[in-house]
Amino acid sequence: MPPEPRASILIVDDTPAKLVAIESILAPLHQNVVTASSGREALRILLRQDFALILLDVRMADMDGFETAALIRQRRASEHTPIIFLTAFEQAELDMARGYSLGAVDYIFSPIVPEVLRAKAAVFVELYQKTAEVRELYASAQESSRSKSEFLNMAAHELRTPLSVVSGYLALLAEGSLGDPPTGWKLPLEMLNTKTTELNRIVDDLLMASRMDVNSLPERVSLFDLQHSIRGALVRAEPRVQLLGATLTLDAVPEPVIVEADAEHIGRILDNLINNALTYCVGKPEITIRLSDPDEPAISVIDNGVGIPPSKRELVFERFVRLDDAQIGPVPGTGLGLYISRELARRHRGSLVVAESEPGKGSRLLLRLPPAEPAEDPAKARTTGGRPRLRVHHGV
């Protein structure tokens, strides 16, 4: 284990003999002790250095301890630095009331008992060192997370090119552009197309998740009708709905529900929710998409699937988490769908939650979005897109 970093302690007193005495008392702690002979000198030192603790004499001629403490608290870098006031016992009651109002953490009374001063100082030194350790660990974790995200981003980009080539040649083979394929190739080509589509989806999820992690996900924000987004998602889901013999119903209010968001991102959320509802179902999937009134835009995706246990209703929104159910068996994918969906909702000042769920009977997932600000010209509320504003997240 590396040695603990040395903490700095600032002693402020206008009596040179007391400065020397307190410095010698603190010497066994083996920390960096700095002295100041006035409040003004202490303030200058605090501009250049951080401290684990300030020992501040109350009675100083030029600027007393209370004035100094008030100025220390006004500076962002030192507003939370612990201050212990040094004062005579006979003035304790009056000084303590005023000192605590200025953020003092403790008092030491004259005559100073060396063991008491060292013990109290040691507590704040240890607190400072532990805080520095946690800060360093956090910074290291952030750097590690950033490196992983950059690797995922690079890997996803590198995989996209060969996947595009494979997909292209499979399409050419399937449509006969490279010559009529043998009859026996039909089923293998369909299987290869299916698996290539799955792999493309996995790469796309990894790419989006990595961009979210480094806050570089672009948004094309525009005014649009949620009904348009839902109908688009229903069209995209139709091939799979027919394949599974599922029922997919839209229950929507008659009037437009206008929001200001990235239509592609909202579409992706809906695709993920509908695909999950189709996937996590033992029998014939029955899914209802319900759109609420324009004042409080909300989309519910209701299914008759396997349901989500109460203990996993938040866990399913974590990265790489999959809902394992013996009735369904292994499900292809990365476990990023709901994580991406919730993050996209949050980036649009919305939310995504498991509103209701009962194992064996189904679930209701609820997406909420803020309504669009009223437009001066109603014609500006485009229902099918238009010229969007490009916005890129650069921080949380």
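The values are calculated or read from the model by the stated rules, or taken from the named source; none is laboratory data. Being a predicted model, the structure only gives us computed values, none of them experimental. Cβ atoms come from the backbone with ideal geometry, glycine included; neighbour counts cover every protein chain shown. For the accessible areas, the whole protein counts, side chains as well, though only heavy atoms, and no ligand, DNA or RNA atoms are used. Shrake-Rupley method; radii C 1.70, N 1.55, O 1.52, S 1.80 Å.
Listed values, structure above:
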item: Flag for Val331 being modelled with pLDDT under 95, touching a Cys at 6+ places or on another chain (Cβ under 9 Å) and not in a helix (DSSP H, G or I); result: no
item: Out of Leu187, Leu248, Leu234, Leu192, sole residue that is out of contact with any helix residue (DSSP H, G or I) (no Cβ under 7 Å at 6 or more places or on another chain) and surrounded by 14 or more Cβ atoms within 10 Å (Cβ to Cβ); result: Leu234
item: Odd one out for Ala209, checked against (1) touching a helix residue (DSSP H, G or I) at 6+ places or on another chain (Cβ under 7 Å); (2) hydrophobic (A, V, I, L, M, F, W, C); (3) farther than 19 Å from Val331 by Cβ; result: (3)
item: Positions within the stretch 272-287 being farther than 20 Å from Leu336 by Cα and surrounded by 17 or more Cβ atoms within 10 Å (Cβ to Cβ), in sequence order; result: Pro285, Ile287
item: Any hit, the stretch 79-102, residues being modelled with pLDDT of 75 or more and open to solvent by 60 Å² or more (accessible area, probe 1.4 Å); result: yes
item: All positions within the stretch 346-382 that are modelled with pLDDT under 55 and surrounded by 14 or more Cβ atoms within 10 Å (Cβ to Cβ); result: Ala381, Arg382
item: Some residue of the stretch 289-308 being outside any strand (DSSP E or B) and farther than 23 Å from Leu248 by Cα; result: yes
item: Answer from Leu248, Leu244 - the residue that is in contact with a strand residue (DSSP E or B) (Cβ under 6 Å, 6 or more places away or on another chain), more than 20 Å from Leu352 (Cα to Cα) and not hydroxyl-bearing (Ser, Thr, Tyr); result: Leu248
item: Test set (1) at pLDDT below 80; (2) in a helix (DSSP H, G or I); (3) surrounded by 14 or more Cβ atoms within 10 Å (Cβ to Cβ) - Ala122 fails condition number; result: (1)
item: Members of the stretch 277-294 found to be at pLDDT below 90 and either charged (D, E, K, R) or in contact with a Leu (Cβ under 7 Å, 6 or more places away or on another chain) (or both), listed by number; result: Asp293
item: Failed criterion for Asp62 (all others in (1) at pLDDT 90 or above; (2) more than 17 Å from Ile112 (Cα to Cα) hold); result: (1)
item: Some residue of the stretch 142-153 being open to solvent by 20 Å² or more (accessible area, probe 1.4 Å) and modelled with pLDDT of 80 or more; result: no
